[in-house]
Amino acid sequence: MQEFQELLHNKYIIVPMFVWLGIQVFKTLWDLFKEKKFNFKRILGAGGMPSSHSAVVCCLSTLIGRDLGFDSAIFGLSVIMSLVVMYDAAGVRRAAGKQAKILNKIVNTPGLAIETVQEKLQEVLGHTPVEVFVGALLGVIVGFLV
C-alpha cells in the first residue's frame, strides 16, 4: 500500500500524465467545436495540435533537469529519449499516416483493390514539426512552472 501512495505522489509520473490529459481534452474539445460532434476516439488518439507525446517527454525531462541537475546522467537519458519520441512522432508515425491515407484511397477505388477490406486504416498517426515543437514547448513550460 505504501508503494501505491508513493506512486500517487511521484511528480515525475503525475505531472506529465496531467499534461497529457490536459492536451488530449483540449484536442477533443477543439474537435467538438470544429466538427460539431463528439469524437470519443480523439481523447486517446494520436496526432493533432499540439503533440501530447512531445509535451509529456519534455515535461518529464524538464522536471528531472530542474530537480536533479541539467548535468545529471538521468537528465541526459531523458533528453535522448525525448528526442527519439519527437523524431518518431514527426517522422516515422507521420509517414505511416500518409501511407495509410493513400492505401485507404486505393482500397476504395473500384478495380484497384484486390481484396475487400472491412477496416479503414488510421490516417492521423503522427505530427507536423510545428505540432511537435508546440507540444515540446508546452511540456518545458509546465515542467518549469510546477
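Of all residues in region 15-46, those satisfying the criterion of being of a type in the set (Val, Ile, Thr) and within 17 Å of Ile141 (Cβ to Cβ) are Val15, Val19, Ile23. The number of residues in region 2-16 that are within 18 Å of Arg66 (Cβ to Cβ) and part of a helix (DSSP H, G or I) comes to 6.
Once region 21-55 is narrowed to residues that are at pLDDT 85 or above and β-branched (Val, Ile, Thr), the residue that is nearest to Asp88 (Cα to Cα) is Ile23. The residue list Asn39, Asn10 contains one member that is more than 15 Å from His127 (Cβ to Cβ), touching a helix residue (DSSP H, G or I) at 6+ places or on another chain (Cβ under 6 Å) and either without any contact (Cβ under 8 Å) to a residue 12 or more places away in the chain or of a type in the set (Asp, Glu) (or both), which is Asn39.
If you go through region 27-59 and keep only what is assigned to a helix (DSSP H, G or I) and within 13 Å of the chain's Cα centre (by Cα), you end up with Lys27, Arg42, Ile43, Leu44, Ser52, His53, Ser54, Ala55, Val56, Val57, Cys58, Cys59. Are there any pairs, at least 6 apart or on different chains, whose C-beta atoms fall under 9 Å, with the first in region 62-87 and surrounded by 18 or more Cβ atoms within 10 Å (Cβ to Cβ) and the second in a loop (DSSP other than H, G, I, E, B) and acidic (Asp, Glu), and if so, which? That search, which allows pairs on different chains as well, returns Gly65/Asp71.
The values are calculated or read from the model by the stated rules, or taken from the named source; none is laboratory data. What you see is a predicted model, and the numbers here were worked out from it, not measured in a lab. Here Cβ is always computed from backbone atoms with ideal geometry, including for glycine, and neighbour counts include all displayed protein chains.
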